[in-house]
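K.L.:
Please read through the structure below; I'll follow up with questions.
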Amino acid sequence: MAVSGARNRRNTGDELCGVWSARLLALLAVLAWLIAGGAVAARADERNPLEAEWRRVPPATQDGRTLALDVRVRDGWHVNAHDPNRPYLIATELTVVPPEGATVAGIDYPEAVLRTLRFAPGEPLRLYEGRFTIGVRLAGAVTGNVVGRLRYQACNDETCLPPRTLEMTVALGGESAPPAAAAAPPPESSRIEQWMQQHGLLPTLALAVVFGLALNLTPCVYPLISVTIAYFGGQSRRAGGRVLGLAAAYVLGIALTFSALGVTAALSGGLFGAAMQRPPVLAGIAVVLVALAASNFGLYQIRMPTALASRTGKASAGVAGALAMGLTMGVVAAPCVGPVVIALLLFVAARHDALLGFALFFALAVGMGLPYLALATAAGSIRRLPRSGEWLTWVEHLFGWVLFGMALYFAAPLLGTRVVAVAMPLLIGGAGVYLGFLDAAGSALPRFAVARRVLGAVAVAVAIWIAAAPRAVSALPWEPFSPEALARAAQSGKPALVDFTAKWCLPCGENDRVTFADHTIAAEAERFVMLRADVTEMTPDREEWMQRFKILGVPTILLFGSGGMEEAREVGFVEPERLLGLMQARR
């Protein structure tokens with residue numbers, strides 16, 4: 001692979017289009033490895049072969065009452081007994097936090113079974129398997145929430161999963177809070193099943209395409225719009241007459257990655273779009289965009305090896321480059337969650353059919369990508385405009401600055417709020433100065449020279465305004481989320497709102513800037529306990545929260561009544577009027 005110090009502007013469109021595959025495929029391979037590795041880790045860590053649910057044992061007396069924790073372990077798996085006979089084994093242990101005024105009189109574990117396992121020959125091990133019950137005796141006036149934390153390690157005959165702690169809450173003396181694993185899935189998943197049974201697969205795929213088009217009405221597509229215009233606008237000189245084919249390859253790449261991530265999240269129980277929480281993935285995307293931007297300024301050029309180019313052909317190389325860019329941008333599309341995406345995740349998880357799931361997510365992604373087909377074609381065709389050769393170089397530089405801005409956007413979670421607050425106006429101001437006053441491209445056209453100076457001055461003014469503008473601060477009384485904080489809200493008789501959010505989530509930021517900044521929401525929030533669960537970085541506790549409340553994507557907003565039961569949830573960006581109505585209905 002040969003590297004030259006400057007770009008030859010007279011290279012043919014086919015040669016330069018072929019450059020993109022070599023430039024992107026190496027970085028894309030690293031990104032794919034990181035994403036796939038994260039998906040495999042999710043499948044290993046988030047698999048949970050154990051379910052548990054509280055059950056009241058009558059009768060209750062003034063001196064106390066008895067509860068039973070019914071546990072079911074999936075066939076082929078087991079957990080260690082509460083008193084294992086090997087010192088290195090992790091015991092199954094239940095910790096109970098009673099309400100105020102009550103005490104735990106005793107915890108009664110069942111009899112263990114003895115099994116000889118392949119990885120522990122010799123003396124049989126004391127285990128629990130199948131269904132078993134742990135009894136809890138409470139003394140005193142038992143009124144309020146009882147919190148149980150079951151710590152265990154699930155194993156089969158060959159391997160063990162990491163230890164986990166499952167938390168469950170039951171309300172005594174009133175309506176019970178929902179158990180940890182008893183949350184019912186939203187009805188949309190069953191509607192998909194009914195629709196498919198009534199109409200068949202092909203109409204269902206067509207409906208998914210329509211719903212995919214609707215995803216373009218959400219804020220999550222903003223980065224895709226900017227990158228698509230900048231990428232294909234910068235390729236306009238090099239694409240020749242093959243713009244439509246390159247755009248189709250780009251959309252295909254988006255659909256392939258989006259579908260693969262969707263099926264992986266559905267079958268593993270992971271968080272859709274979670275790849276965007278991994279710093280190496282964010283850094284990799286930023287590096288790809290910086291590399292593309294630098295090439296727009298002629299700083300370097302990477303050509304494919306001659307032998308490979310002669311075998312694949314220059315046109316194929318250009319298609320491979322657009323496909324590689326689309327595969328990368330499919331990661332960016334993954335956080336585009338909404339009721340339809342959540343319904344598909346639940347449907348695929350219930351069916352356990354990877355092929356059907358891939359087809360449904362692919363159809364959804366194709367619908368989402370159809371506007372980019374037209375957008376990319378239009379952006380890549382600007383070379384056909386009159387006298388385009390005299391100002392097209394300046395346009396390529398403009399799109400290079402746009403790509404630098406998108407790189408900063410994706411690197412923002414890694415850099416921090418303060419760094420981004422300084423870097424963003426500097427980037428916009430630098431672009432204005434360079435494009436408006438320093439770039440010599442297009443200076444032979446008097447009208448164009450005046451227009452670019454005006455645009456440059458506007459960009460500098462915008463940069464100054466951004467730097468000087470005060471930062472909007474949410475007036476909502478957010479508290480860090482924890483199951484204990486939610487239980488305290490129920491004990492106080494207040495409704496609660498829980499916002500599952502992440503720094504890498506664009507719709508989450510839109511909720512902050514629009515919905516949670518609305519004065520009517522702030523006024524209504526005064527009677528709520530406002531809890532925020534930040535899942536930007538996953539920890540075991542946060543994984544438990546996601547599993548307990550069936551959170552498949554962010555943003556997800558849960559609303560609890562004063563009795564402690566979940567009464568409503570919203571996924572994706574929520575209009576202030578919609579959220580206000582939901583909050584006013586909670587008492």
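K.L.:
Do you know which residues across region 126-167 are within 30 Å of the chain's Cα centre (by Cα) and more than 20 Å from ILE90 (Cα to Cα)?
P.N.:
So the first thing to find is which residues in region 126-167 are within 30 Å of the chain's Cα centre (by Cα), and the list is 147-155, 159-167.
VAL147, the sole residue that qualifies.
K.L.:
Next question. Within the bounds of region 156-173, is there any residue that is of a type in the set (Val, Ile, Thr), in a loop (DSSP other than H, G, I, E, B) and either modelled with pLDDT under 75 or not assigned by TED's automatic domain parsing to the domain that holds LEU94 (or both)? So that I can check it myself, show each step before the final result.
P.N.:
Filtering region 156-173 for residues of a type in the set (Val, Ile, Thr) gives 159, 165, 169-170.
Remaining after also requiring in a loop (DSSP other than H, G, I, E, B): 159.
Narrowing further to those that are either modelled with pLDDT under 75 or not assigned by TED's automatic domain parsing to the domain that holds LEU94 (or both): 159.
Within region 156-173 (the criterion being of a type in the set (Val, Ile, Thr), in a loop (DSSP other than H, G, I, E, B) and either modelled with pLDDT under 75 or not assigned by TED's automatic domain parsing to the domain that holds LEU94 (or both)), the answer is yes, since at least one residue qualifies.
K.L.:
For the list (1) touching a strand residue (DSSP E or B) at 6+ places or on another chain (Cβ under 9 Å); (2) farther than 14 Å from ARG149 by Cβ, I need the number of the one condition that LEU69 fails.
P.N.:
With respect to (1) touching a strand residue (DSSP E or B) at 6+ places or on another chain (Cβ under 9 Å); (2) farther than 14 Å from ARG149 by Cβ, LEU69 is out only on (2).
K.L.:
Also, quick follow-up: Just name the residue that is modelled with the lowest pLDDT out of those in region 389-407 that are closer than 28 Å to LEU282 by Cβ and in contact with a Gly (Cβ under 6 Å, 6 or more places away or on another chain).
P.N.:
Out of the qualifying residues, it is GLU396.
To keep it simple, each residue is scored yes or no on (1) within 30 Å of MET538 (Cα to Cα); (2) modelled with pLDDT under 75; (3) crowded, with 22+ Cβ neighbours inside 10 Å; (4) among the β-branched types (Val, Ile, Thr).
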residue: TYR222; (1), (2), (3), (4): yes, yes, no, no
residue: GLN235; (1), (2), (3), (4): no, yes, yes, no
residue: PHE258; (1), (2), (3), (4): yes, no, yes, no
residue: ALA265; (1), (2), (3), (4): yes, yes, yes, no
residue: GLY270; (1), (2), (3), (4): yes, yes, yes, no
residue: MET276; (1), (2), (3), (4): yes, yes, yes, no
residue: ALA283; (1), (2), (3), (4): yes, no, no, no
residue: TYR300; (1), (2), (3), (4): no, yes, no, no
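K.L.:
What are the residue pairs meeting all of these: first residue in region 320-331, first residue among the polar types (S, T, N, Q), second residue part of a helix (DSSP H, G or I), Cβ atoms under 8 Å, and 6 or more apart or on different chains?
P.N.:
Within 8 Å, the pairs are THR328/LEU24; THR328/LEU27; THR328/LEU28; THR328/LEU31; THR328/GLY253; THR328/THR257; THR328/ILE285; THR328/VAL288.
K.L.:
Among the residues of region 416-434, which ones are on the phi < 0 side of the Ramachandran plot and at pLDDT below 90?
P.N.:
In the first step, residues of region 416-434 are kept if they are on the phi < 0 side of the Ramachandran plot; the result is 417-434.
Scanning region 416-434 gives THR417, ARG418, VAL419, VAL420, ALA421.
Residue by residue, here is whether (1) among the β-branched types (Val, Ile, Thr); (2) assigned to a helix (DSSP H, G or I); (3) within 30 Å of ALA533 (Cβ to Cβ) holds:
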{"site": "PRO413", "(1), (2), (3)": "no, yes, yes"}
{"site": "ARG418", "(1), (2), (3)": "no, yes, yes"}
{"site": "MET424", "(1), (2), (3)": "no, yes, yes"}
{"site": "PHE437", "(1), (2), (3)": "no, yes, no"}
{"site": "ALA463", "(1), (2), (3)": "no, yes, no"}
{"site": "PRO470", "(1), (2), (3)": "no, no, yes"}
{"site": "GLU484", "(1), (2), (3)": "no, yes, yes"}
{"site": "LEU497", "(1), (2), (3)": "no, no, yes"}
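K.L.:
Give just the number: which of (1) surrounded by fewer than 19 Cβ atoms within 10 Å (Cβ to Cβ); (2) over 26 Å from ASN511 (Cα atoms); (3) touching a residue at least 60 places away in the same chain (Cβ under 8 Å) does ARG453 not satisfy?
P.N.:
(3)
The values are calculated or read from the model by the stated rules, or taken from the named source; none is laboratory data. Keep in mind the model is a prediction, meaning the values are calculated, not measured. Because the Cβ atoms are built from the backbone with ideal geometry, glycine has one as well, and the counts that use them run over all protein chains shown.
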